[in-house]
Amino acid sequence: MTKYKFSNKLMFALVMQDEEICEEFIQRLFPGKKVKSITFPNDIQITPEKTIVTGVLSKSVRLDVLFEGEAEVYDIEIQVEKEPELPKRSRYYQGMINLNTLERGGNYKDLKNTYIIFLCLFDPFEKYITQYTFEQMCHEVNGLTLGNDAKIIFINPFGRKDNKTDEEKAFFSYLQGTILDLPFAKLIDDSVKKARLHEEWKVEYMTLLLRDQDNY
């Protein structure tokens, strides 16, 4: 079998089940932010064909990564190819996460801060920056946000990296195929190598691939 890369959807899902990697990822995305705890919710269905990742080697199809901090929900997805409907897909995911929260018996005030994060292997808006963060803003009043605690973030390794730390630069270099001798990049690469030895997930990946071919 091919040596699956971190950018492979199922490999990405498998590696991101590591709490240490998730915490490191979020703390690099939001400098100064501390993730006190992480939980991976039990089976959360988005549609009959698509399930947010809920656990290593679960029976569900795993295309995204979902985990929760004490006051936030993070949905992270790897995006290899450019897709014109990506902004609308992010809107759909946002709505589905909110719906699942309310279905569990919550009220509007119980909705956690949500972050829909696309880790892209291309610059999605071609403005040459590594991170694009979107919130709902008022057109008539500069600087006024809706304050609904929902953010959509697109990250890519091809923008300017002037203000990034060495660890962040190492992570972006890793996404481009270069491994730098720094802890976070090595942590991910070691996890990828370990996952490659796990035969069970490869069988599941091939099953998913065959199912998609049948659907096509």
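One chain, two ends: Asn148 and Val80. Fully extended at 0.36 nm per residue, the span grows by 21.6 nm beyond their Cα-Cα distance. Taking label positions 7 Å along the Cα-Cβ direction at both Lys34 and Lys5, the computed distance is 3.7 nm, reported to one decimal.
The label point for Lys186 and the one for Thr165, both projected 7 Å from the Cα toward the Cβ, are 1.6 nm apart. A 1.4 Å probe run over region 86-131, with the rest of the protein chains in place, finds 57 Å² accessible per residue.
The values are calculated or read from the model by the stated rules, or taken from the named source; none is laboratory data. These figures come from a predicted structure and were not determined experimentally. FYI the Cβ positions are ideal-geometry reconstructions off the backbone, even for glycines, and counts take in every protein chain you see. Protein only, heavy atoms only, side chains kept; ligands, DNA and RNA dropped before computing areas. Shrake-Rupley method; radii C 1.70, N 1.55, O 1.52, S 1.80 Å.
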